[in-house]
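Down below is the structure, laid out as structure tokens.
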Amino acid sequence: MSEIVFVNDNRITFQGSCSREEAAELHRALVCRLNELVERKAEQAELDLRQVNQIDACGCQLLALFLEDLRRHGITAAACHLGPELAGQISLLGFSETFSVLPPL
Amino acid sequence: MTTPNGEQDGIDLKRFNQVFFEECAENLAEMEQILIALGECEPDHEQLNAIFRAAHSIKGGAGIFGFDDMTVVTHVMESLLDLLRNHEIPFRPEMIDLFLEAGDAISMQLAGHREGKPVCQEAIGQVRAKLQQLAKPGANGSGALQPATEQALPRQDASPLPVRCRLTFSPDPEIFHRGIRIESIISELSELALEGEFHCRAYLAETPELEDLDPLRCVTRWEFTLASLAGREKLVEAFMFVAEEEQLQIEELPWQERRAEAAQDDGAPEAVAAAPPGRRAYDSNELATGAFGRRGAEAESSIRVNVGKVDQLVNQVGELLITQAMLAQTAAGLDPILHQALQRGLAQLERNTRDLQGSVMSIRLVPISMVFSRFPRLVRELAGKLGKQVEFRTTGEGTELDRGLIEKIADPLTHLVRNALDHGLETPQARFAHGKEPAGTLQLRASQVGGRIVIDVIDDGAGLNRGRILAKAQERGIPCSDSMTDDEVWQLIFVPGFSTAEEVTDVSGRGVGMDVVLKNVQSIGGRVQIASEAGMGSRFTISLPLTLAILEGLTVAVGGEKFIIPINVVIESLQPKPDQLKTVNGRQVVQVRGEYLPIIRLHRMFNLESQVTEPELGILVMVEGDGERGAILVDALLDEQQVVVKSIETNYRRVEGSAGATILGDGRVALILDLTELFLMHKKL
């Protein structure tokens, strides 16, 4: 898993795998982006998953918690640009609703 | 991150994997048992289902715990079994051998993960290829083997009424830490559902601050709504190894609710439209009690407990026994009239502690079927190799003995069984020539006789050949004579390096065995007896103590100290007369019924000041162990009692000549004598 960071961008882009094995790394990156978005008082954010090729239940949970935390801080948040395979996996794991996929900003 | 020790992010995965390993071994054993029982016969539907369930459970567990390599053979195997179950391919006797071979391959993989043993990938690949070959059109005249997952819809002849239900899964928060792949479980569950009839919803049971969250702590709950032809048990089975009873709830739904939910689902976001994979056809017919069902039933009557915990409990009960003995000894000095109530209470305490001891010791007992179960296959294969026909029977498989003994008796028994097959039982031609049935009989029989377990290995073969044994003994320079009794002659086969086999085979006959058998059996307090009749067969009888944790001992006094002599080595005791004492090569011996026995002076060996330094002033305890006899000089015989064996090395250090220690009723520590070491020490003096 690696994160692509754009300064002052409301888009959070990850690439590679978002799985249990990368949970600690993913968690650190998400906490960092959460703090930054909250500090900047962003109104909306989107989680761009087009470059994510693998996700498991643990990864889904972390992303779902990230989105929930953003919403708790008043930031409209959703996942976007899911490929068909990733969408199928997220659906199979039951996280479709939590991710509430949005069209691109 | 996973360390070589199986520690993952601070959590020891070994503990969790162990459950899978044990279940896997049980499933393999069950599978082998059924296959062996079949012989060459075609399995019936129930037997095929049972084999299938075992393979399926192994595959499911392996997938969940991340042992993906173990799913390779099981997957092809269950696909082939499925074709057989559905009469899509005909049964062929060689399939039994192939399934056994597949079981071996899986066992090898299991040992690789469990004990780090090497895994021969070539063998795995060969088994897989053979399984696939059997399912090809040319091989069976049916359709090619398709991966089970590629089979589309359930068969119409399966369960005609699908069940609609809602499952709520509230996993253990540590489930990610344990390395369990929830996605495998969900995927398996979705495959059990009818096409388009699987819906999964994950929701966060709590939403902690992201910053404070342990990234591997699971706070998600899952709700599944599905329609399936598989039974409730099969659905529960998908959660095998990962869900406790209270973590999984199943609720059957009426079909009206399905329509309502379906309408609701139609409005689901398009981008994440559900695409459940096709389900396996065979699962539709998997209504019989499965592995998980068995687990469930067992869970009501048994629990799996770590052996270390049981040993700890045994130790604690041992301590309690010692405390009780101390109290009894103290109370013995009190006036029984004045302290009547106390005496009654202590008597009750003694009864209760003895009962408790019995109950706790019984926890360590396991049925001997754990060892016996390995022999049907061994006999089958060896008999085939040797061109012999054998009817193998076991009786008394339910006989229980200490787990520690079970592990140590397996090798000696294997050796006796191999010997019986190789040397004992004759070829069908030879048997026929002697008026016997072409098929020989080999029997393993276990029973409890008094405080010991007796295991017989009986064959109706040619019996031991007295003449050949004597001739071989003379050839090897082993002292013997024609006047020896049969029993004495039979004992010659326990001499190291002795073998009458004319040809060394890979089955037996290297002459390294019977002495090892005897040594191993003796090392656990056992004995081996032989009965044999020419032309009629042989019986090897192994007699073992029920447990190693408690020992029946003779308490003796030497120079103010107390020692325990294991009762099973004691022959007799006597106060020698001066004319019985002789000196041979500068060493004093005692003559008992024409036999000269060395006198072992404990006070010298353990550097004790003793009033009794000469045998005629004390008592000689005649002992026998490892084929040697001796006389131990002691001041007095005190008591015969059961003692709790404690490791002296753990608590102090190794003491030469002792096999451990025990705490006596007066709180003193007494050494338990190790006869073999005593003999060695005596020779060095």
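The values are calculated or read from the model by the stated rules, or taken from the named source; none is laboratory data. Predicted, not measured: the structure shown is a model, and the values here were computed from it. Don't worry about glycine lacking a Cβ; one is built from the backbone with ideal geometry, like all the others, and counts go over all protein chains shown. In case anyone asks, the SASA skips ligands and DNA or RNA and just uses the protein heavy atoms, side chains included. Shrake-Rupley method; radii C 1.70, N 1.55, O 1.52, S 1.80 Å.
General observations
- In region B:106-134, the residues that are of a type in the set (A, V, I, L, M, F, W, C) form Cβ pairs under 6 Å with partners that are assigned to a helix (DSSP H, G or I) and open to solvent by 40 Å² or more (accessible area, probe 1.4 Å), at six or more places apart or across chains, as follows: B:Val119/B:Met108; B:Val127/B:Glu101.
- Test for B:Val655: is it in a loop (DSSP other than H, G, I, E, B) and not assigned by TED's automatic domain parsing to the domain that holds B:Thr330: yes
- B:Glu391 in the same structural domain as B:Asp456 (by TED's automatic domain parsing) and either over 30 Å from B:Leu442 (Cβ atoms) or open to solvent by 60 Å² or more (accessible area, probe 1.4 Å) (or both): yes
- Applying the criterion of being outside any loop (DSSP other than H, G, I, E, B) and touching a helix residue (DSSP H, G or I) at 6+ places or on another chain (Cβ under 7 Å) to the residues of region A:79-94, the residue that is farthest from the other protein chains (Cβ to nearest Cβ) is A:Ala79.
- Test: residue in region B:621-639 that is part of a helix (DSSP H, G or I) and in contact with a Gly (Cβ under 7 Å, 6 or more places away or on another chain): no
- Hey, B:Leu204 at the interface with chain A (Cβ under 8 Å from one of its Cβ atoms), closer than 30 Å to B:Arg304 by Cα and touching a helix residue (DSSP H, G or I) at 6+ places or on another chain (Cβ under 7 Å) or not: no
- Looking across region B:578-600, the residues that are on the phi < 0 side of the Ramachandran plot, free of Cβ contacts under 8 Å to residues at least 40 places away in the same chain and either open to solvent by 20 Å² or more (accessible area, probe 1.4 Å) or not assigned by TED's automatic domain parsing to the domain that holds B:Glu561 (or both) come down to B:Pro578, B:Asp579, B:Gln580, B:Leu581, B:Lys582, B:Thr583, B:Val584, B:Arg587, B:Gln588, B:Gln591, B:Glu595, B:Tyr596.
Let's see how each residue does on (1) open to solvent by 20 Å² or more (accessible area, probe 1.4 Å); (2) under 30 Å from B:Glu400 (Cβ atoms); (3) at pLDDT 85 or above; (4) more than 37 Å from the chain's Cα centre (by Cα):
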residue: B:Ile455; (1), (2), (3), (4): no, yes, yes, no
residue: B:Pro479; (1), (2), (3), (4): yes, no, no, yes
residue: B:Asp486; (1), (2), (3), (4): yes, no, yes, no
residue: B:Val495; (1), (2), (3), (4): yes, no, no, no
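- Filtering region A:39-66 to residues that are modelled with pLDDT under 90 and part of a helix (DSSP H, G or I) leaves only A:Glu39.
- Cross-chain or 6+ apart pairs with Cβ under 9 Å, region A:34-51 first and under 11 Å from A:Gly74 (Cα atoms), then of a type in the set (Asp, Glu) and open to solvent by less than 10 Å² (accessible area, probe 1.4 Å): A:Val38/A:Asp69
- Residues in region B:518-545 that are polar (S, T, N, Q) and in a strand (DSSP E or B) were compared, and the one that is nearest to B:Phe494 (Cα to Cα) is B:Gln529.
- If you go through region B:78-100 and pick out every residue that is of a type in the set (Asp, Glu) and open to solvent by 60 Å² or more (accessible area, probe 1.4 Å), you end up with 3.
- Entry remark, region B:230-251: residues being farther than 18 Å from B:Gly60 by Cα and either within 14 Å of another protein chain (Cβ to nearest Cβ) or not in a helix (DSSP H, G or I) (or both) number 3 in total.
Residue-wise test of (1) of a type in the set (Lys, Arg); (2) within 24 Å of the chain's Cα centre (by Cα); (3) modelled with pLDDT under 90.
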position	(1), (2), (3)
B:Pro367	no, yes, yes
B:Arg374	yes, yes, yes
B:Leu386	no, no, yes
B:Arg403	yes, yes, yes
B:Val417	no, yes, no
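- Matching residues, region B:635-658, being under 21 Å from B:Pro545 (Cα atoms) and crowded, with 19+ Cβ neighbours inside 10 Å: B:Val643, B:Val644, B:Val645, B:Lys646, B:Ser658
- Per-region count, region B:184-201, residues at the interface with another protein chain (Cβ under 9 Å from one of its Cβ atoms) and among the charged types (D, E, K, R): 1
- Listing of strands (runs of 3 or more DSSP E) fully contained in region B:123-229 that carry 1 or more residues being of a type in the set (A, V, I, L, M), modelled with pLDDT of 80 or more and surrounded by fewer than 17 Cβ atoms within 10 Å (Cβ to Cβ): B:193-204
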